[in-house]
1. If amide H atoms are built 1.01 Å from N in the plane of the peptide, which residues on other chains or at least 5 residues away come under 5 Å of the amide H of Glu191?
2. In what sequence, highest mean first, do 222-228, 268-274 appear when ranked by Cβ atoms within 10 angstrom?
3. Hey, fewest Cβ within 10 Å first, where do His580, His418, His604 land in order?
4. Given the peptides 346-352, 684-690, arrange them by the average over their residues of other C-beta atoms within 10 Å, most packed first.
5. Could you work out how much longer the chain between Gln440 and Ala101 gets when fully extended? Use 0.36 nm per residue separation minus the Cα distance between them, nm to one decimal.
6. Roughly how many nanometres apart are two label points built 7 Å out from the Cα toward the Cβ at His604 and Arg166?
7. Excluding Asn525 itself, calculate the net charge of residues whose Cβ lies under 12 Å from the Cβ of Asn525, where each Lys or Arg counts +1 and each Asp or Glu counts -1.
8. Give me the distance in nm between label points sitting 7 Å out from Cα along the Cα-to-Cβ direction at Ser642 and Trp689, one decimal.
Amino acid sequence: MAPSFDHLRDEDLDEDDFDQDEVDISDLQEKYEVSLEQGYDTFVVVDNLPQVDEGKKPSLIKFLLKKLNTVGKTREDLIFMPMGEDGQSLRFAFVEYSSAAEAAAAVRQLDLVPLDKRNIMRVNKLTDIDRYGREGRIDENYTPPKIEEFHEQEHLRSFMADPTGRGRDQFVMYRGDSVGVFWNNEKDQPENIVDRPHWTETFVQWSPLGTYMTSVHAQGVQLWGGPSWTRQKRFPHPFVNLVAFSPGEKYLVTWSNRPIAIPDEGHPILTLDDDGKNYIIWDIETSKPIRSFAQLDILGPPDENGVKKPLKAPWPAFKWSADDKYVARLTPGASISVYELPRMNLLEKTAIKIEGVVDFEWAPASPQRDGIKTYEQLFCFWTPEIGSNPARVAMMSIPSKEVVRSLNLFSVTDAKLHWQSDAAYLCVKVDRHSKSKKSQATTLEIFRVKEKGVPVEVVDTIKDTVINFAWEPKGDRFVIITTTEPVAATAVPPKTSVTFFCPEKMKGSAIGNFKHLRTLDKKNNNAIYWSPKGRFVVVATVHNQQSSDLDFFDLDFEGEKLESDKDMTANLQLMNTADHYGVTDVEWDPSGRFVATWASAWKHSMENGYHIYDFKGEVLREEPIEKFKQFQWRPRPATLLSKEEQKTIRKNLREYSRIFEVEDTERINSADVAVVQERRRLLEEWLAWRKSMEEEAAEERAALGLPADPVADLLKAKTAELAAGEEEKIIEEIMEEVLEETEEIVA
């Protein structure tokens, strides 16, 4: 689950709040030293051109001009192509653009672009070539490269091999000023792996596959990993606020609410082309920026005076295709720009113009549509009603930009797009208003993506407003939370209902229509958290000081089934109900065996700390921690087992369970034996210490001429006195105590 960053404000990122020496980038400054040139920054040098004579030179220049003008403005008279003494060209040309920004764009977008079948252009800034040559960085005499000694790198996924063999997962905790990574030990104290003070300045974040842990500083972002938790990568984006990874961890997006300001002495990696930008897309492997973008000005609907106020920039501003090959950005109301990686060039050199477009979402997995054998990635988008035109939801295939399915909608107030994890379904949650616009209801438009023609099924049995929707991961069931009350930011949350849907049973592998399974009324729940493996779901109440319920459900309960549910693909059972006061966040571990809940000091200061439950809802560990801020399970990459191997494991799961139960019993028993042995060792240590002290005391008494055992001598003396007939004095003491006193008046 992605972390929440609502706590971050502009004032939280003041320069005075950071230790400027926290991230040392002096080596980067030396490596990427920038010397700003004057007068030549509009010139580029184009290499690897075909060799031509004077007769063919004008044709080559005209052909080259078509390429050059795709990123800026230049003319034939601004292209100088030197010729050799033999009348043949020297295969390079100097080109002058109208601005330095256009020259930088040419280097970024035209370098390594094929000019024809034989020649691939190389485009560099003239100032770079001049600077490297003048400073002696290019030696005219060939020197064989020095092959550095090989040093084996740490395995960045060593966390997958639990040294105990129990398949434990790791998690990170940010509390106070310290960040620590731990092994989960269920009921026992978690095993600390690493703990460092001031490891981050704002928050921590795992990469999607768990390879890196991200720390955020005033100077930029750092990635950490490996068994020794050394720094793996650095991305110097000043005053960065938020970061987002591509699904495959190939790229990183950083954003700062402060536009980048390149100082006069230059920046270790960024250039003047990045000045004034807010977003940077980085290549994680090389730690170098690919492209930067300015923040768009987004205006909201007009108020009573007809004034449109600026809206907060959405996050993430850049959304990735499932295979990291494309990233797209929305220009609200106008277009969607799709960029190809790794060069970040605009697909087909033009944005996809969509009038009124409000939102879009990529399919989270590479689609497998019926009858489609060519490569494609899908994204869906929606547009509101404009004039007499209806609202519209459409699904587009990339790179062809073909709309493979569209749907017109009427009386639409809002729409939300929800993809199922395998991209088998797309649910469009449509909030519709009545003709009078005084009441509102919700319908679910479900696109069955893998079926021929992408049919759409409408679930219109919902009479209330849906405030939350969640698909079962790797499954075909979903849960919704509805309310009849107005949804507003008030202290008292609205009363809600939780409804479960699943398909009807069909013969073979076909998936039936979605039907209502069960509804639970008079609830306060507002959040849904599915296990990453499906089947189990937690329906919770978060960010609510009046209620903090956690309901644990099993949708494949192995027990008696209700008569009304026998034709359905689910058997619902409430396993347990828990309560965590002030809970702000809920997250399943990657294995689907444990659930962590925590109350973050970023949201409130009451009873901060975390709880860990098993999938059945039984609490395993409760730990209150002052100034507890963040908890995150470490993600795991996808399994390497085939579907057949996974199916075999599920089939034989009972046999594996018996083995695991024996191992757990032995581990618990061995833990009990270890406790007894430790207590016995402590007792033996104490007895040995007491004996040594008694021997030492006896030696000291002997040296001082004192009796060896004064207590025995005293007893002997007392016994002798009694034997001599001395009578013992007996003293009697009488004590009176009034137990009760009653007064009666006799007439």
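FYI, it's all coordinate maths here, none of it is from the lab. The shown structure was predicted, so the numbers you read here are calculated from the model rather than taken from an experiment. Reconstructed Cβ throughout: ideal geometry from the backbone, glycine too, with neighbour counts over all protein chains shown.
1. Long-range HN contacts for Glu191: Trp183, Asn185.
2. On the way: 222-228: 17.7, 268-274: 19.3.
Going by the mean number of other Cβ atoms within 10 Å, highest first, we get 268-274, 222-228.
3. Ascending Cβ contact count within 10 Å gives the list His604, His418, His580.
4. On the way: 346-352: 14.1, 684-690: 10.0.
Those peptides, ordered most packed to least, come out 346-352, 684-690.
5. Numbers: separation 339, 0.36 × 339 = 122.04 nm, distance 5.00 nm.
Stretched fully, the Gln440-Ala101 segment lengthens by 117.0 nm.
6. So the label points at His604 and Arg166 sit 3.3 nm apart.
7. Details: positive: Lys495, Lys522, Lys523; negative: Asp521, Asp549, Asp551.
Charge balance in the 12 Å sphere: 0.
8. With each label placed 7 Å out from Cα toward Cβ, I get 6.3 nm.
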